[in-house]
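Structure, as C-alpha cells:
The values are calculated or read from the model by the stated rules, or taken from the named source; none is laboratory data. Because the structure is predicted, anything quoted here is derived from the model rather than measured. Methodologically, a virtual Cβ is constructed for each residue, glycine included, from the backbone with ideal geometry; neighbour enumeration extends over all protein chains shown. Heavy atoms of the whole protein, side chains included, go into the accessibility calculation; ligands, DNA and RNA do not. Shrake-Rupley method; radii C 1.70, N 1.55, O 1.52, S 1.80 Å.
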Amino acid sequence: MDASSESPIESKKSNSKTPRKPKETVLKQKSPAEFFAENKNIAGFDNPGKSLYTTVRELVENALDSAESISELPVVEITIEEIVKSKFNSMIGLIDRERVDAALYDDFETEKAREKRLAKEARAQELQAKNASLGKKVKDTPASKGIKGRGEASFYRVTCKDNGKGMPHDDIPNMFGRVLSGTKYGLKQTRGKFGLGAKMALIWSKMSTGLPIEISSSMKKQNYSTFCRLDIDIHKNIPHVHLHEKRENKQHWHGAEIQVVIEGNWTTYRSKILHYMRQMAVITPYAQFQFKFVSDAPDKNVTVRFSRRTDVMPPIPLETKHHPSSVDLLLIKRLIAETSKQNLLQFLQHEFVNISKPHAERLIGEMGPDFSSKMVVKSLTSQQLVRIHQLFRQAKFDDPSGHCLSPAGEYNLRLGIIKELHPDMVATYSGSAQVFEGHPFIVEAGVSVGGKDVKQGLNIFRFANRIPLLFEQGADVVTRTALKRINWNNYKINQVQDKIGVFVSIVSTKIPFKGTGKEYIGDDITEIASAVKSAIQQCCVQLKSKIMKRIQAREQQERKRNLTRYIPDASSAFYNILKVMPLHPSKRSRYGDDDVELLEKVSDNLITKETFIEKLSKHVEQVDYEMGLEFATQSGVSEEPRETIYIKPLEAENKKIDLHSPLFVFRVLQ
C-alpha cells in the first residue's frame, strides 16, 4: 500500500474545506406589473386599509376625468360592500371547515393564558364593585377582546359608476390589464400621480383575493354596452380576459361601472375615506357624489350624498408642448425620434413653446458652424444633441403661459367651502400663472373663519391638480407656510382660538411631489412657496377688512347698549332735580325764559320722567346712526350690506355665455 495515499477520513476532511463555487448569476428582467406588485407602497397600497382608500381615490378620480373630458356634469356613485369570510369563501368556491388542530392557529389561547385573563377580569370587577360601594365614579368595564389572528382578513367589493365618456370596446383589456399604458400620458395637467389608475387596484385584488375585475362601459350614442371580466398576468404584463362581450344598451346609458373585490380595512380608514369625499366635494362643487358603505350589520351602514351646488365647470386641461428650459437630453432624443418635422428649424419651432422662427434661427446660429436651419434633424449626432441641451439651459426664453391649465376657479372654490363648511366668513384668491423649472403653475387659496364641524386652530386642506392630499401633511409647503410664515395676529385672527380653514389648490403640468407616495409638495421650490404665501396673505387681507367692520359694529352695539342701560337712571335724576328747583326762589333770577317754562311744565306734570326716557332714547339712536354713517364714509362703504345669493340653474338646455367673477358667474342666455 502506498504511503502517500490518503485515507478515506482524510479525504473527507480535505473535501469539506474546499470552498464552494458560486452559482453563475443569471440576468433577470421584471415586467412593470411585477415591479409595482413588489413595490406596491409606491402607489399607495402600503397595507389593507390604505389600499382600500387608494382604490376608492383612483376610481373616483378616473370617473371625474371621464365626465369632464366630454364636458358632462359628473355624477359619481361609489359603494363599498363588506364581504364576510363565509361569503368570500363561497365566491371563490372554498368550503368552510371546522378547525381540527386548534393549537395550530395564531389566535389559540392556552389554558394558562385563559386563567390569567379571567383572573385579571375578576380583579377588575372586584375593584369596580368596591368603588361603587364607596360612591366613587365607576367606569364601564371594557368588553373582553378575543385574540385576533394574523390570518383574519376583511374583504370588500368596491363599485364605482359614472356618467362619463366610457371606453372603446376593443381597448378595455389593455386599459385595465397592461401597466403603464393609458390615455393620460402627455404634457398636461392630470389628476393621476403614476398613471396606474384602476390597474393597481386590479394587481392588489389579484394579490389579496385572486378575483378578477369587472367592467361595464358604454359610449355616447352607442346602442350596446361592453362587459369585460379580466385579471392581469403580472409576470408578462398582459391582460388575461375571462369574458369580453357586447350587451344590449336599452337605457342608452353612457359611462363606466367598475367593480373589484379586495382585502381592506374599513375600520381604520373610514374617517380618511369620508374626509377624502368631503374634500373632493369642496374642490368640485359641480359634481354630485353618492357614497355608500354596506354591511350585514345595519348599524355600520353609511350613506352620504354630496349634492351639486353649481353647473359651472372649469375648462378642460389642454395638452401643451415642452418648454426648452424644462427638457433633458433623453427627452430631446425622444422628441426627435417622434417628430414629423424634417429639418432643425421646423423641429425647434413646432416641438417647443415660445420659440418663434426668428428666435429659432438665432439659436441655430449660436449653436456653431456645424448646425444649419435645413439640416436633417434625425441626423444629429450625440455631441450635437448635448450642444442643443446646453444652449437650452443657458439661453433666455419667455415663460410659458398658463392657458393649458385648468384651476378650479375662485367661484367654485368659494362655493365648495361655503357648501361643506358653512363658515362665518370666507375669502378666496386666484393668482396669475407662474413658472418653476419651465413648468407653469397656478395657486388658488381660500381662508375661512368659523363653520360647522371645524376644529379650533388651523385646519389645512391641500389640493394638487384638484385632488385632495391627506397624508404627510407636516412636511407640505402649505402646512409650513400657514404655520410659520403667516402672522395671523396681524389680520385680527387668533391662530389658537378661532376656527380657521386654509384651502390651497396648486395646478401645474408637473406637480413637484416629494416622497415615494407622492403625498406632499416640498417647500424647497422658492417660486411655489412664495406664491402660496402670497395667496394666503391676499385672503387674510380681505378677511381683515371684514373682521374690522365686524369689530366696529360690535363696539358700536356695545356703546349703544351701555348708553341705553343708563337712560332710566339719568332720566330719573334729571326729573328729580327739575322737580325741586322751583323750591329755591333765590336762584330764579339766574334762569332764562326757556328754563322757567320748562320748570313750570315739570311742576304741572306736563313733562314726566317717561318724557325724558323717550327723548334720551331717540338721542341715542340719532347719535348711533350718525357715527355709523361717519364710519361708512371713512371706510368707503356707500351701499347696503350684500347677502350671498345662489340662483337655481334652469332645467331647459339653452345656449349660454358665462362671464366669470371671483364672487359670481353672470350667465347670458341666447
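Just a few scattered comments:
- The value of relative contact order for the stretch 271-331, using C-alpha pairs under 8 Å at least six residues apart, is 26 percent.
- Overall dimensions of the stretch 262-340 by Cα: Rg and Dmax, Å: 21.7, 62
- Karplus 3J(HN,Hα) series, Hz, for the stretch 70-77 with 6.51 cos²θ - 1.76 cosθ + 1.60 (x for Gly, Pro): 10, 6, 9, 4, x, 10, 10, 10
- Per-residue Karplus couplings for the stretch 107-119, computed as 6.51 cos²θ - 1.76 cosθ + 1.60 with θ equal to phi - 60°, are listed in order as 8, 5, 10, 5, 4, 5, 5, 5, 4, 5, 5, 5, 5 Hz, Gly and Pro entered as x.
- Cβ-based net charge around Ile78, under 12 Å, with every Lys or Arg adding one and every Asp or Glu removing one: -1
- Carbon/sulfur fraction of accessible area - the stretch 210-303, other protein chains in place, 1.4 Å, %: 47
- Reduced Cα scattering model of the stretch 481-545, Debye log10 I(q)/I(0), q = 0.14, 0.19, 0.29 Å⁻¹: -0.49, -0.81, -1.38
- For the peptides 499-506, 55-62, residues were scored by their other Cβ atoms within 10 Å and the scores averaged per peptide; the highest-first order is 499-506, 55-62.
- Across the stretch 359-410, the volume of the C-alpha convex hull divided among the residues equals 132 Å³ per residue.
- Extension gain, Ile525 back to Glu98 (0.36 nm per residue minus Cα-Cα distance, nm): 147.7 nm
- Local electrostatic count, Tyr286, Cβ distance below 10 Å [Lys/Arg +1, Asp/Glu -1]: 0
- Cα shape, the stretch 320-448, gyration tensor, a/c 1.5 rule: prolate
- With K and R counted +1 and D and E -1, the other residues having a Cβ less than 11 Å from that of Arg229 yield a net charge of -3.
- Rolling a 1.4 Å probe across all protein chains gives Lys341 an accessible area of roughly 60 Å².
- Cross-link pairs Lys272/Lys549; Lys28/Lys378; Lys250/Lys300; Lys28/Lys50; Lys40/Lys161 - those with Cα-Cα distance over 29 Å: Lys272/Lys549; Lys28/Lys378; Lys250/Lys300; Lys28/Lys50
- Segment Ala337-Leu118, extension gain: residue separation times 0.36 nm, minus the distance between their alpha carbons: 71.4 nm
- For the stretch 389-507, diffusion coefficient by Stokes-Einstein and Kirkwood Rh (Cα), 37 °C, 0.692 mPa s, µm²/s: 208
- Entries of Lys87/Lys518; Lys452/Lys544; Lys321/Lys419; Lys396/Lys510 with Cα pairs more than 28 Å apart: Lys87/Lys518; Lys321/Lys419
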